[in-house]
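Report on the structure given below.
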Amino acid sequence: MQIANQKVVSIDYTLTDPTGKMLDTSKGGEPLTYLHGVRGIIPGLESALTGKEKGSTVQAVIPPDQAYGPHDPKLVQAVPRDRFPAAANITPGMQFQAQTPDGPRIVTVVGVENNSVSIDANHPLAGVTLLFDVTIVDVRDATADELSHGHAHGAGGHHH
Ligand code: ZN
């Protein structure tokens, strides 16, 4: 059975950036299970898997515009240090949730100066080319419930 819209797909995957740094992997855990064709995974990976079959391996290089989008410099802002709790030890790399005009977002501290903190509201993988190494573990038809909910159910998928 080939991967196509309305199939539920389970994959083992390892994700690295172009420097070879591992960003994420399913190894040591459950495969990732998703409903194909509803953008449950990034568009570039969905395209790379379309038409492939159970047991196949797929290597995909996915540019930012098919992954988490370009890095937008306008989303990097300096905010006054006193907007943060005085006792907090703010260091680069810290992530926290912030309220923005577009709703809550995860932001990353990218710099700390004397009286200000630079935060980046881009997705942590914005602007990053992603290298996926995928093994297709299973492909099956979606159930009527899964199609109406718009996501996969069961092991590795969505639980109710
Ligand atoms: Zn559901």
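The values are calculated or read from the model by the stated rules, or taken from the named source; none is laboratory data. Note that the coordinates shown come from a computational prediction; the quantities given were computed from them, not determined experimentally. Quick reminder, even Gly has a Cβ in these numbers, built from the backbone with ideal geometry, and neighbours come from all protein chains shown.
Of everything in the stretch 1-25, what is more than 16 Å from Val139 (Cβ to Cβ) and within 17 Å of the chain's Cα centre (by Cα)? Give them in sequence order.
Our first condition is that a residue be more than 16 Å from Val139 (Cβ to Cβ); within the stretch 1-25, this holds for 14-25.
Answer for the stretch 1-25, where residues must be more than 16 Å from Val139 (Cβ to Cβ) and within 17 Å of the chain's Cα centre (by Cα): Thr14, Leu15, Thr16, Asp17, Pro18, Lys21, Met22, Leu23, Asp24, Thr25.
Can you pull out every residue in the stretch 28-41 that is of a type in the set (A, V, I, L, M, F, W, C) and in a loop (DSSP other than H, G, I, E, B)? Steps first, please.
Kept after step one, since they are of a type in the set (A, V, I, L, M, F, W, C), are these residues of the stretch 28-41: 32, 35, 38, 41.
Scanning the stretch 28-41 gives Val38, Ile41.
Go through the stretch 110-130 and count every residue that is farther than 18 Å from Tyr68 by Cβ, surrounded by fewer than 17 Cβ atoms within 10 Å (Cβ to Cβ) and touching a helix residue (DSSP H, G or I) at 6+ places or on another chain (Cβ under 7 Å).
2
Looking only at residues that are hydrophobic (A, V, I, L, M, F, W, C) and under 22 Å from Ala144 (Cβ atoms) in the stretch 1-40, which one is surrounded by the most Cβ atoms within 10 Å (Cβ to Cβ)?
So the first thing to find is which residues in the stretch 1-40 are hydrophobic (A, V, I, L, M, F, W, C), and the list is 1, 3-4, 8-9, 11, 15, 22-23, 32, 35, 38.
In the following step, the residues that additionally are under 22 Å from Ala144 (Cβ atoms) were identified as 1, 3-4, 8-9, 35, 38.
Details: Met1: 11, Ile3: 22, Ala4: 15, Val8: 24, Val9: 29, Leu35: 23, Val38: 17.
Filtering the stretch 1-40 for residues that are hydrophobic (A, V, I, L, M, F, W, C) and under 22 Å from Ala144 (Cβ atoms), the one surrounded by the most Cβ atoms within 10 Å (Cβ to Cβ) comes out as Val9.
Looking at the structure I just gave you, is His160 in a loop (DSSP other than H, G, I, E, B), within 16 Å of the ligand (Cβ to nearest atom) and either modelled with pLDDT under 95 or over 16 Å from the mean Cα position of the chain (by Cα) (or both)? Step through it out loud before you land on a result.
Details: in a loop (DSSP other than H, G, I, E, B): yes; within 16 Å of the ligand (Cβ to nearest atom): yes; either modelled with pLDDT under 95 or over 16 Å from the mean Cα position of the chain (by Cα) (or both): yes.
For His160, the condition - in a loop (DSSP other than H, G, I, E, B), within 16 Å of the ligand (Cβ to nearest atom) and either modelled with pLDDT under 95 or over 16 Å from the mean Cα position of the chain (by Cα) (or both) - is met.
For the stretch 71-109, how many residues meet the condition of being assigned to a loop (DSSP other than H, G, I, E, B) and surrounded by 13 or more Cβ atoms within 10 Å (Cβ to Cβ)?
Keep residues of the stretch 71-109 that are assigned to a loop (DSSP other than H, G, I, E, B), which gives 71-72, 84-94, 101-102.
Add one more test, that the residue is surrounded by 13 or more Cβ atoms within 10 Å (Cβ to Cβ), and what stays is 71-72, 84, 90, 94.
Summing the residues that are assigned to a loop (DSSP other than H, G, I, E, B) and surrounded by 13 or more Cβ atoms within 10 Å (Cβ to Cβ) in the stretch 71-109 gives 5.
Condition (residue is of a type in the set (Lys, Arg), modelled with pLDDT of 95 or more and touching a strand residue (DSSP E or B) at 6+ places or on another chain (Cβ under 9 Å)) applied to the stretch 100-111: is it met by at least one residue? Outline the logic, then answer.
Residues of the stretch 100-111 of a type in the set (Lys, Arg): 105.
Now restrict to residues that are modelled with pLDDT of 95 or more: none.
Checking the stretch 100-111: not a single residue is of a type in the set (Lys, Arg), modelled with pLDDT of 95 or more and touching a strand residue (DSSP E or B) at 6+ places or on another chain (Cβ under 9 Å).
Kindly list, by first and then second residue, each pair from a residue in the stretch 35-58 that is without any contact (Cβ under 8 Å) to a residue 12 or more places away in the chain to a residue that is small (Gly, Ala, Ser), limited to pairs with Cβ atoms under 9 Å and residues at least 6 apart or on different chains.
Glu46/Gly37; Glu46/Gly40
What number of residues within the stretch 42-68 satisfy the criterion of being of a type in the set (D, E, K, R), closer than 16 Å to Thr135 by Cα and in a helix (DSSP H, G or I)? Walk me through it before giving the result.
From the stretch 42-68, those of a type in the set (D, E, K, R) are 46, 52-54, 65; that's our starting set.
Subsequent filtering for residues that are closer than 16 Å to Thr135 by Cα retains 46, 52-54.
Of the ones still in play, those that are also in a helix (DSSP H, G or I) are 46.
Counting residues in the stretch 42-68 that are of a type in the set (D, E, K, R), closer than 16 Å to Thr135 by Cα and in a helix (DSSP H, G or I) gives 1.
Is it true that some residue in the stretch 131-143 is within 16 Å of the ligand (Cβ to nearest atom), touching a Lys or Arg at 6+ places or on another chain (Cβ under 7 Å) and of a type in the set (A, V, I, L, M)?
yes
Inside the stretch 92-108, can you point out the residues that are within 14 Å of Pro73 (Cα to Cα) and touching a Pro at 6+ places or on another chain (Cβ under 9 Å)? Step through it out loud before you land on a result.
Taking the stretch 92-108 and keeping what is within 14 Å of Pro73 (Cα to Cα), we get 107-108.
Residue satisfying the conditions is Thr108 alone.
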